[in-house]
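Beneath this line is the structure, given in C-alpha cells, with notes to follow.
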Amino acid sequence: MTNVVALVDDLMDRSRITAAVPATVATRSVGDVAGADVVIVDLARHAGAVAEARQLVPDAFLVAFGRHDDTATLTAARDAGADRVLSRAKFFADVTEALRPSDQ
C-alpha cells in the first residue's frame, strides 16, 4: 500500500494502524491528506472532515471508522463520500483488509 494518511488523533489508534501499515502518516489536519492514495478517518474526532478529504483527494480510497451505535455518523460519512465505513471493532479487527479496496 502506498501513501496512506490517517486522520486519527488517538495515539493508541495511530500505533495500531502503523503496526499494520508501517508507512502510514498520521495527522490531525485534513489538509495533510492531499496526495494520499488511501485516507483513514476516525469519525469520533473528524466526522466533519470526510467531505473535505474527498474533495482534496477525489481518487483516494477513503475509509472511515466510528462507534457501531452511532449510525447517524456512519451514514453521514458514507453520504459524504467515504468508500468504506466500518465500526471501530471491524476496522481494528483487520486494518490491512479494511484498507484494501473491494476490487483488489
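The values are calculated or read from the model by the stated rules, or taken from the named source; none is laboratory data. These figures come from a predicted structure and were not determined experimentally. Using ideal geometry, Cβ is built from the backbone for each residue, glycine included, and neighbour counts are taken over all protein chains shown.
Among the conditions (1) under 13 Å from the mean Cα position of the chain (by Cα); (2) over 14 Å from PHE91 (Cβ atoms), GLY66 misses just one, which is (2).
Here is a list: ASP69, ASP13, ASP32. Which entry is of a type in the set (Asp, Glu) and assigned to a loop (DSSP other than H, G, I, E, B)?
Exactly one residue qualifies, and that residue is ASP69.
Looking at segment 84-104, is at least one residue surrounded by 15 or more Cβ atoms within 10 Å (Cβ to Cβ), of a type in the set (Asp, Glu) and closer than 19 Å to VAL5 by Cβ? No - not one qualifying residue is present in segment 84-104. With the checklist (1) surrounded by fewer than 18 Cβ atoms within 10 Å (Cβ to Cβ); (2) at pLDDT 95 or above; (3) not β-branched (Val, Ile, Thr) in hand, flag the one item PHE61 doesn't pass. So PHE61 meets the others, but not (1). Looking across segment 72-104, the residues that are in a loop (DSSP other than H, G, I, E, B) and within 23 Å of ALA20 (Cα to Cα) come down to ALA82, ASP83, ASP94, LEU99, ARG100, PRO101, SER102, ASP103, GLN104.
Scanning segment 1-47 for residues that are closer than 15 Å to ALA76 by Cβ and either acidic (Asp, Glu) or exposed (fewer than 15 other Cβ atoms within 10 Å of the Cβ) (or both) turns up just one, ASP42. For the condition within 19 Å of ASP94 (Cβ to Cβ), among the small types (Gly, Ala, Ser) and touching a residue at least 60 places away in the same chain (Cβ under 8 Å), ALA6 does not qualify. For beta carbons closer than 7 Å, sequence separation of 6+ or different chains, a first residue in segment 32-55 that is within 23 Å of SER102 (Cβ to Cβ) and a second that is part of a helix (DSSP H, G or I) and charged (D, E, K, R), the qualifying pairs are ASP42/ASP13.
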